[in-house]
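Since the structure comes first, as structure tokens, the remarks are kept for the end.
The values are calculated or read from the model by the stated rules, or taken from the named source; none is laboratory data. Bear in mind the structure is a predicted one, so any value in this text is a computation, not a measurement. All Cβ positions, glycine included, derive from the backbone under ideal geometry; neighbour counts span all protein chains shown. Remember, those area values only see protein heavy atoms, side chains included, never the ligands or the DNA or RNA. Shrake-Rupley method; radii C 1.70, N 1.55, O 1.52, S 1.80 Å.
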Amino acid sequence: MSSQFDVVVIGAGPGGYVCAIRAAQLGLKTACIDKWSDNQGKPTLGGTCLNVGCIPSKALLDSSHKFIEAQKGFELHGIKHAGVEIDVPQMIARKDKIVKTLTGGISGLFKANGVTSLHGTGKVLAGKQVELTKPDGSTQVIDTKNIVIATGSSPIEIPPTPLTDDLIVDSTGALTFSEVPKRLGVIGAGVIGLELGSVWGRLGAEVVVLEAMDKFLPIADQQVAKETQKILKKQGLDIRLGARVTASKVQDNEVEVTYVDGDSNEHKLTFDKLIVAVGRRPYTEGLLSPDCGVNLDERGFIFVDEHCRTDVPGIYAIGDAVRGPMLAHKSSEEGVVVAELMADQKAQMNYDLIPSVIYTHPEIAWIGKTEEEVKASGEAYKVGTFPFAASGRALAANEAQGMVKVISDKATDRILGVHIVGPSAADLVQQAVIAMEFAASTEDLALTVFSHPTLSEALHEAVLAVDDHAIHIANRKRR
């Protein structure tokens with residue numbers, strides 16, 4: 001049996017479902033294949049992001065922040081209470097309800113836009129055909145004019161810590177704990193490790209984060225990274241750098257972890273739960289028939305050009321399965337670009353301006369180059385910083401930790417990078433993204449009126465500080 005479509009998208013995550021909807025909006029007959037099932041075995045859309053990634057983790061981050069705020073922050077505001085407790089099953093149930101609402105929303109959008117949803121596993125065959133393997137094992141070959149591969153990524157497992165029941169888990173398992181572990185180990189001090197460690201740390205777990213690298217958050221601006229590390233340490237996260245895990249042993253519902261520090265000394269720690277969060281790899285295994293013509297690089301990523309085209313005309317790949325940061329918003333935008341290209345429209349994406357966010361509290365967010373990158377390039381540059389401790393709005397909200405940092409070109413004044421750790425950093429950095437998309441200078445933002453009192457004023461002051469014009473901090477020199 002064969003079917004004919006203009007587009008077949010493999011994967012219904014934030015890249016795939018967005019691509020499918022946009023393609024259908026543009027008049028292309030579109031099908032989207034996805035194999036994800038919920039815990040009742042029913043098909044569910046949204047991929048990792050909506051089911052076990054971005055959305056459920058943010059639900060738990062918000063719940064745990066409200067708990068710690070009620071427990072330790074209300075009294076400062078004059079709000080007295082007899083005490084608060086956390087109901088973990090209720091917290092998890094709330095998270096599951098949010099996931100169900102959003103995944104059901106995608107199903108509704110597919111129907112509204114005429115996208116055919118196919119449940120099963122897709123495989124790219126030669127001649128731009130797709131083999132659909134259904135849950136019952138039956139197969140169907142689908143003919144199509146275009147294929148979009150949006151299969152995403154999966155957590156990396158490491159030999160010293162094989163996943164074990166409910167004791168050694170990946171990021172998915174860490175979202176379903178039925179109670180707060182007393183002692184929690186996290187392997188990896190990246191985005192996922194810090195976010196999940198924060199969730200359970202706020203709820204009362206003693207959290208130790210083991211990071212093999214000697215530098216904390218090497219992908220971030222190091223001034224902001226060091227400030228972040230101080231804040232997280234005050235919150236109780238025990239972050240150990242240069243800690244390479246070499247072995248684990250499960251016994252009596254506990255996990256004993258062995259790691260080696262930077263001086264080659266061996267250490268052992270015992271946890272009630274261990275989260276392995278060392279990164280993700282592209283999900284491309286079994287995806288491509290040998291004769292389909294689509295090529296992988298040495299790390300398993302699908303090789304594409306700047307417009308997400310593979311080596312086969314009419315076959316595209318987007319999101320975590322290709323080069324670039326593994327971010328949902330990057331995947332979604334690539335999906336839109338590819339859909340418009342398939343509809344013979346002009347489309348492009350600015351890969352230099354993809355914001356990054358870590359949803360700890362406070363949040364960490366950045367766009368553009370770090371100071372280390374600018375310095376290494378040899379460009380002459382200027383830096384302005386502003387602490388949230390000097391922000392009236394941040395103080396009023398008891399959210400005065402962190403800072404805003406702006407880097408600009410010394411000759412042209414063009415903004416090169418903005419780095420924030422502080423309240424609402426994820427939203428504040430978007431102002432910088434918009435400014436940089438229009439090639440704004442620091443003077444452009446300095447001349448912009450920011451409403452008062454707002455957190456946004458911290459960005460304004462940091463921009464002013466680039467040329468020592470900040471009003472609410474002492475300038476380095478008067479002019």
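Things worth noting here:
- Every condition in (1) without any contact (Cβ under 8 Å) to a residue 60 or more places away in the chain; (2) open to solvent by 40 Å² or more (accessible area, probe 1.4 Å) holds for Cys54 except the one numbered (1).
- Candidates are the residues of segment 381-415 that are within 19 Å of Val357 (Cβ to Cβ) and touching a Ser or Thr at 6+ places or on another chain (Cβ under 6 Å); the one that is surrounded by the most Cβ atoms within 10 Å (Cβ to Cβ) is Ile415.
- Scanning segment 236-276 for residues that are free of Cβ contacts under 8 Å to residues at least 60 places away in the same chain and under 26 Å from the mean Cα position of the chain (by Cα) turns up Gly236, Leu237, Asp238, Ile239, Arg240, Leu241, Gly242, Ala243, Arg244.
- In segment 362-409, residue nearest to Ala474 (Cα to Cα) [restricted to those that are polar (S, T, N, Q) and in a strand (DSSP E or B)]: Thr385
- Test: residue in segment 141-151 that is open to solvent by 60 Å² or more (accessible area, probe 1.4 Å) and either at pLDDT 95 or above or over 19 Å from the mean Cα position of the chain (by Cα) (or both): yes
- Restricting segment 369-416 to residues that are touching a residue at least 24 places away in the same chain (Cβ under 8 Å) and on the phi > 0 side of the Ramachandran plot, the residue that is nearest to the chain's Cα centre (by Cα): Gly402
- Members of segment 229-273 found to be acidic (Asp, Glu) and closer than 22 Å to Pro218 by Cα, listed by number: Asp238, Asp261, Asp263
- The one condition in (1) closer than 23 Å to Ala394 by Cα; (2) at pLDDT 95 or above; (3) assigned to a loop (DSSP other than H, G, I, E, B) that Val433 fails to fulfil: (3)
- Flag if Ala59 is out of contact with any Ser or Thr (no Cβ under 9 Å at 6 or more places or on another chain), at pLDDT 95 or above, farther than 21 Å from Lys35 by Cα and open to solvent by less than 50 Å² (accessible area, probe 1.4 Å): yes
- Unique residue being in contact (Cβ under 8 Å) with a residue 12 or more places away in the chain, open to solvent by 60 Å² or more (accessible area, probe 1.4 Å) and closer than 30 Å to Pro313 by Cβ when the list is Leu102, Leu132, Leu109: Leu109
- Selection from segment 213-228 of residues that are without any contact (Cβ under 8 Å) to a residue 60 or more places away in the chain and surrounded by fewer than 17 Cβ atoms within 10 Å (Cβ to Cβ): Met213, Asp214, Lys215, Pro218, Lys226
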